[in-house]
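Peer 1: After the structure tokens below, expect a handful of questions from me.
No value in this document is a laboratory result; all are computed from the given coordinates. This structure is a prediction, so every number in the text was calculated from the model and none was measured. Positions of Cβ are backbone-derived with ideal geometry, glycine not excepted, and every protein chain shown enters the neighbour counts.
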Amino acid sequence: MTANLGSGLTDAEGGPVRHIPVLLPEVLAALAAQPGKVILDGTFGAGGYTSAILATGADVVALDRDPNAIAAGQALVASSGGHLTLHKSQFSSLDAYAPAGGLDGIVLDIGVSSMQIDEAERGFSFQRNGPLDMRMSSSGVSAADVVNRCKVGDLIRIFGFLGEEKQSGRIARAIEKRRVDNPFVTTRDLAGMIEIVAPRKAKDKIHPATRVFQALRIFVNDELGELAQALFSAERALKPGGRLVIVSFHSLEDRIVKKFLSDRSGKASGSRFLPMAHERAATFDAVGKQAVAATEEEAEANPRARSAKLRAAQRTAAPAEKPDFSIFDLPDLASLDRIGG
Ligand SMILES: C[S@@+](CC[C@H](N)C(=O)[O-])C[C@H]1O[C@@H](n2cnc3c(N)ncnc32)[C@H](O)[C@@H]1O
């Protein structure tokens, strides 16, 4: 089942929503959903995963931070016969939605949906001109705020770390110069300037603004912080035997998931001079030996699937540990104090 065929959702114009769920059979197998189980879908989106999980007979508690996704999902809630509840929430606090006995499964499909990219006014894409926004929840600091108000050093760090943009310094300094008299307002405005200061080379496959846009989106939505917190939250919310399934599209996200699971399954090497590091009870056991990628057929049919990686694990009975963000080894980019400084 795919979202465009199965979910029955409609877009703003009343047409069918076209978001093809990635790695769907693999997600369903890893979740082991079946009647009587309660699965939390933390990234409802177009309801593709949720529809397929409901079809197994399991109940679904779904979350999305995007008010448009929640509005579009109401038809599915209505037709679910009470088997689906849908909440506008960030998945970092998913444990607040767990039933008393815990959840049987949690799935997160990280990133943006096709609907968000396709809506020009959300400002995620420079293929369509729109306001420089990029806020999934339509509230808080926008991409324009970051571009027009962040210190140049912070822009360099954001573009360099979150976008892996090699020309982050050149682009950030050009932004700093331009915004004094002429702040950035639209997506094409920013993309056009990047095209001039960091033009595409013959070997480049992507537009010169792609990495900066990706970095801004991840920063504006604190996507790495959200994921890290969601993993700790999932550890508290799953019952023993419950499954955690994460589909990610960015190497930094996959690194966070991998680090968490190796820490929690007792595989993190630690120091051989610190034997105590090995004596913590594992809170997760890996499901499958390594990350699952899309088949060639799926990647061919759905370009979004090309960079997808699925990791899955099963909760043990050991008590959840205290959240410790140092296991991820991430620079602190989440603070917005720098804006306007
Ligand atoms: C890739 S789409 C999910 C598509 C969905 N699996 C499907 O099959 O239709 C990701 C969705 O997650 C939502 N999202 C991203 N980060 C979130 C967060 N931290 N908390 C809640 N929702 C989030 C986005 O708003 C978007 O709707």
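Peer 1: Where the centroid of each part is defined by its Cα atoms, how far is the range 158-185 from the range 70-135 in Å?
Peer 2: 30
Peer 1: Rounding to the nearest 10 and keeping the result within 0 to 90°, find how far the Cα-based axis of helix 210-220 lies from the longest principal axis of the chain.
Peer 2: Compared with the principal axis, the helix lies near 60 degrees.
Peer 1: In degrees, nearest 10, range 0 to 90: what is the angle between the Cα axis of helix 168-179 and the longest Cα principal axis of the chain?
Peer 2: So the inclination is approximately 60 degrees.
Peer 1: Would you work out if the chain is rounded, prolate or oblate? Take a ≥ b ≥ c from the square roots of the eigenvalues of the alpha-carbon gyration tensor; rounded if a/c is under 1.5, else prolate when a/b is larger than b/c, oblate otherwise.
Peer 2: Oblate, because a/c is 1.5 or more while a/b does not exceed b/c.
Peer 1: Enumerate the amide H contacts of residue 136 below 5 Å, restricted to partners 5 or more residues apart or on another chain; note that Pro and chain-start residues carry no placed amide H.
Peer 2: none
Peer 1: If Lys and Arg each add +1 and Asp and Glu each add -1, what is the summed charge of the other residues whose beta carbon sits under 11 Å from the beta carbon of residue 90?
Peer 2: Result for the neighbourhood of residue 90: -3.
Peer 1: Percent antiparallel among DSSP beta bridges with both residues in the chain, to the nearest 5?
Peer 2: 45
Peer 1: Let me ask something additional. Magnitude of the Cβ-charge dipole of the chain, K/R +1 and D/E -1, about the Cα centre, nearest 20 debye?
Peer 2: 960
Peer 1: Using Cα-Cα distances under 8 Å and only pairs 6 or more residues apart, what relative contact order does the range 193-307 have, in percent?
Peer 2: Values: 52 pairs, mean separation 17.8, N = 115.
Relative contact order for the range 193-307 comes out at 15 percent.
Peer 1: Let me have the relative contact order for the chain, percent, based on Cα pairs under 8 Å that are six or more residues apart.
Peer 2: Once divided by the residue count of the chain, the mean separation gives 18 percent.
Peer 1: With Cβ to Cβ distances under 9 Å as the rule, what net charge do the other residues near residue 143 carry (K, R +1; D, E -1)?
Peer 2: 0
Peer 1: Which order do 187, 295 fall in if you start with the one that has the fewest other Cβ atoms within 10 Å?
Peer 2: Result, fewest neighbours first: 295, 187.
Peer 1: From the cross-link list 151/201; 203/309; 259/289; 151/205; 37/239; 258/289, which pairs have alpha carbons spaced over 19 Å apart?
Peer 2: 151/201; 203/309; 151/205
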